[in-house]
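Read the structure below first, then the notes.
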Amino acid sequence: MSNSMDDVANFAQALFIIGSNTSEQHPVFGTMLRRAIRKRGVKLIVADPRRIDMVDFATLHLRQKPGTDIALLNGLMYIILEKGWEDKAFIEERCEDFETFRQTVMQYPPERASQITGVPVEQLFEAAEIMGTTRPMAVMWAMGITQHIVGVRNVMTLANLQMLLGNMGKAGGGVNPLRGQNNVQGACDMGGLPNVFPAYQPVTSEDARHKFASAWGVEKEHLAGTIGLTVTEMMPGILAGKVRAMYILGENPIMSDPDTSHIRHCLENLPLMILQEIFPSETAAYADILLPGVSFAEKDGTVTNTERRVQLVRKAIEPLGDARQDWWITAEIAKRIITTEPSATKKSARKINPEASWASWDYQSVTEIMDEINALAPSYTGITYPRLQNGERLQWPVPAKDHPGTPILHTKAFTRGKGKFMPIDHVPSPELPDDQYPFILSTGRVLYHWHGGEMTRRSQGLLDVYNNSLVELNPQDAEKLGINGNKTIRVTSRRGSIEAEAWVTERVPPGMVYANFHFPEASANELTIAELDPVSKIPSFKVCAVQVELV
Ligand SMILES: Nc1nc2c(c(=O)[nH]1)N[C@H]1C(S)=C(S)[C@@H](COP(=O)(O)OP(=O)(O)OC[C@H]3O[C@@H](n4cnc5c(=O)[nH]c(N)nc54)[C@H](O)[C@@H]3O)O[C@H]1N2
Ligand SMILES: Nc1nc2c(c(=O)[nH]1)N[C@H]1C(S)=C(S)[C@@H](COP(=O)(O)OP(=O)(O)OC[C@H]3O[C@@H](n4cnc5c(=O)[nH]c(N)nc54)[C@H](O)[C@@H]3O)O[C@H]1N2
Ligand SMILES: [Mo]
């Protein structure tokens, strides 16, 4: 998030939630937003194909067809420009490349935007007026925006909107992607991506390679200067012979990757899989070695949340059974690789300089790992363990030990200097309904379960409330299918088929079904398509075509 949850809740005059089921998937922030609406009268616009619970609190619900967000947003920006509601001073002083962007937006008059998105023209005018006349407006989004082949383009279009309205760098405004897991932000910050070292220092930068090589006691040549594979590229990479071994920590691809039967085929062909888990997950069946990690309750450390705030995790109980700290297991593996590798292959022999600061992997505690982060990741320089233990609420960048942190980004300039307007056109989703597969399938989560369900399906309290997969189906479609007493339906795509109970509900419009991936016996990923965004390589989880029949 460019802004903080508190400042959105306290200072936004309008909220735009697009592709985020905030009350179910970010319930704490969702509650803060609902309170802001109730107490301060903040206006909320929800843009979502489904009638999610936040719609109960909305001034306006734009119900676009899945995968048409660019046309929707360009249509809104067309009206904003026609009415002269843009922030001319902000555009002039803080941004560049406005003209080519404007020309693209002018291709989306309201009638055309309405035709692509299915949103009535009057609603487009209503939304544009709220946005154009109520400032600051904060934009929130999540997977409804990113999990498309146009995920990156969708995000850029939202950045265009907030620059156009001058809502950047201000309390109560900003571009606010709601990060999913407790530490997905931290994992990216620490270099859990194929193209960067910690704190987004590019692996392709000679300086960065030199810096990390000397800290870790190896030659620069031993840190690959080429960009690696994303998760979604690794799986097909197995069949292409590019990937021969996988070390998976806390991920359950049999449940969470698109097109499960293809994933099974890939993992069956993988020569070696090491899985570090807290439960024998669905993926564990494919593991050659299962390493027992510890759960959140058994570990010390930090997580970095959606607003870039680093939070302490404190051990509540000692690890059960043979479980070991996740970082300890990784360090022990590294030590053994360091000591055995030189004799194994001469060509890649690594001469480790034991004098280098972090060469030994001999951490005694998590505070020592934090010391390394402070030394090597500039945005974390001042996020020290003592400060966190003192209760300081630090949001990166914190470039010095006495720096107070950065609750709002881009207040004076953008990271690249001027904000660059991008000309972006609508691109249809790769698989749309046809005669044989007439429904759009959208997938995601429910309040009561967590992804593959390895943890939540072990909680009796949650199963008491939600114990089998429900597929949302519109009443009109239910009637056409002849659903009355028996509600079991079969949903089939070009890749697979599931049987599940229909939840007949107005939450989805006619022609659309919505399924989750919490239960192995009816996982949406048996159906999904592994088409990827060309830049981020995220799968198109939110749109594919299916047929639906009564069982
Ligand atoms: N209870 C619970 N909470 C969770 C999780 C969980 O598993 N369970 N997972 C966490 C994780 S890792 C993540 S990433 C987040 C995800 O949080 P969300 O992204 O909020 O969750 P999703 O269920 O993927 O729902 C995305 C929303 O996008 C809408 N949508 C679908 N297609 C489109 C489209 O084309 N355009 C637009 N604008 N919207 C669309 C859907 O109707 C839905 O409301 O949740 C986090 N929180
Ligand atoms: N169809 C469809 N598929 C999707 C999505 C969608 O919207 N639709 N969303 C995608 C998104 S946004 C996400 S984030 C992924 C999530 O996909 P995954 O990350 O694969 O899902 P999780 O169930 O969160 O898997 C985490 C695993 O980690 C284990 N675990 C928990 N805590 C620890 C720990 O401390 N240490 C160790 N070693 N293991 C631990 C759990 O037992 C669990 O099996 O799913 C993606 N897949
Ligand atoms: Mo996620």
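What the table shows:
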{"read-out": "Largest to smallest principal axis extent of the C-alpha atoms in region 5-178, angstrom", "value": "40, 34, 29"}
{"read-out": "Greater than 22 Å apart at Cα, pairs in Lys39/Lys542; Lys88/Lys412; Lys43/Lys420; Lys88/Lys170", "value": "Lys39/Lys542; Lys43/Lys420"}
{"read-out": "Added length on full extension, which subtracts the Cα-Cα distance from 0.36 nm per residue, Asn468 to Asp371", "value": "30.4 nm"}
{"read-out": "Rounded Å value of the spacing that divides the Cα centres of region 88-108 and region 459-490", "value": "47"}
{"read-out": "Neighbourhood charge, 11 Å Cβ-Cβ cut-off, centred on Val152 and excluding it, Lys, Arg +1 and Asp, Glu -1", "value": "+1"}
{"read-out": "Accessible area per residue, Å², region 439-550 with all protein chains present, probe 1.4 Å", "value": "41"}
{"read-out": "Equivalent ellipsoid dimensions for region 191-312 as semi-axes, Å, which come from the Cα gyration tensor, largest first", "value": "28, 22, 14"}
{"read-out": "Separation of alpha-carbon centers, region 12-44 and region 176-192, rounded to whole Å", "value": "21"}
{"read-out": "Full-stretch length increase - Ala297, Thr415 - with 0.36 nm per residue and alpha-carbon distance subtracted", "value": "38.8 nm"}
{"read-out": "Proximal aspartates and glutamates relative to Lys315, as straight alpha-carbon distance under 20 Å, when same-chain residues fewer than 8 apart are discounted", "value": "Glu277, Glu298, Asp300, Asp326, Glu368, Asp371, Glu392"}
{"read-out": "Neighbour net charge for Asn167 - beta-carbon separation under 12 angstrom, K R +1, D E -1", "value": "+1"}
{"read-out": "Within-13-Å neighbourhood charge of Asp300 [Cβ basis; K, R +1; D, E -1]", "value": "-1"}
{"read-out": "Extension reserve of the Glu92-Asp435 stretch, reckoned as 0.36 nm per residue once the Cα distance is removed", "value": "118.5 nm"}
{"read-out": "Leu223 paired with Asn484, simple spin-label distance in nm, labels 7 Å along Cα-to-beta-carbon", "value": "7.0"}
{"read-out": "Cα→Cβ-extended label distance, 7 Å offset, between Gln107 and Leu239, nm", "value": "3.4"}
{"read-out": "Protein accessible area in region 439-550, 1.4 Å probe - carbon and sulfur %", "value": "52"}
{"read-out": "Projected label distance in nm at Arg35 and Ile337, using a 7 Å step from Cα toward the beta-carbon", "value": "4.5"}
{"read-out": "Projected-area average for the chain over all orientations - Cα convex hull basis, square nanometres", "value": "27.0"}
{"read-out": "Accessible solvent surface per residue of region 195-323, calculated while the other protein chains remain in place, 1.4 angstrom probe, Å²", "value": "49"}
{"read-out": "Model label zone, Trp328; criterion: amide N under 13 Å from point 7 Å along Cα-to-beta-carbon; scope region 361-382", "value": "363-366"}
{"read-out": "Accessible area in square angstrom per residue, region 20-105, 1.4 angstrom probe", "value": "41"}
{"read-out": "Carbon + sulfur, % of accessible area of region 5-178 - ligands and nucleic acids excluded, 1.4 Å", "value": "51"}
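The values are calculated or read from the model by the stated rules, or taken from the named source; none is laboratory data. No experiment lies behind these values; they were computed from the predicted model shown. Neighbour counts run over all protein chains shown; Cβ positions are idealised from the backbone, glycine included. All accessible areas refer to the heavy atoms of the entire protein, side chains included, with ligands and DNA or RNA removed. Shrake-Rupley method; radii C 1.70, N 1.55, O 1.52, S 1.80 Å.
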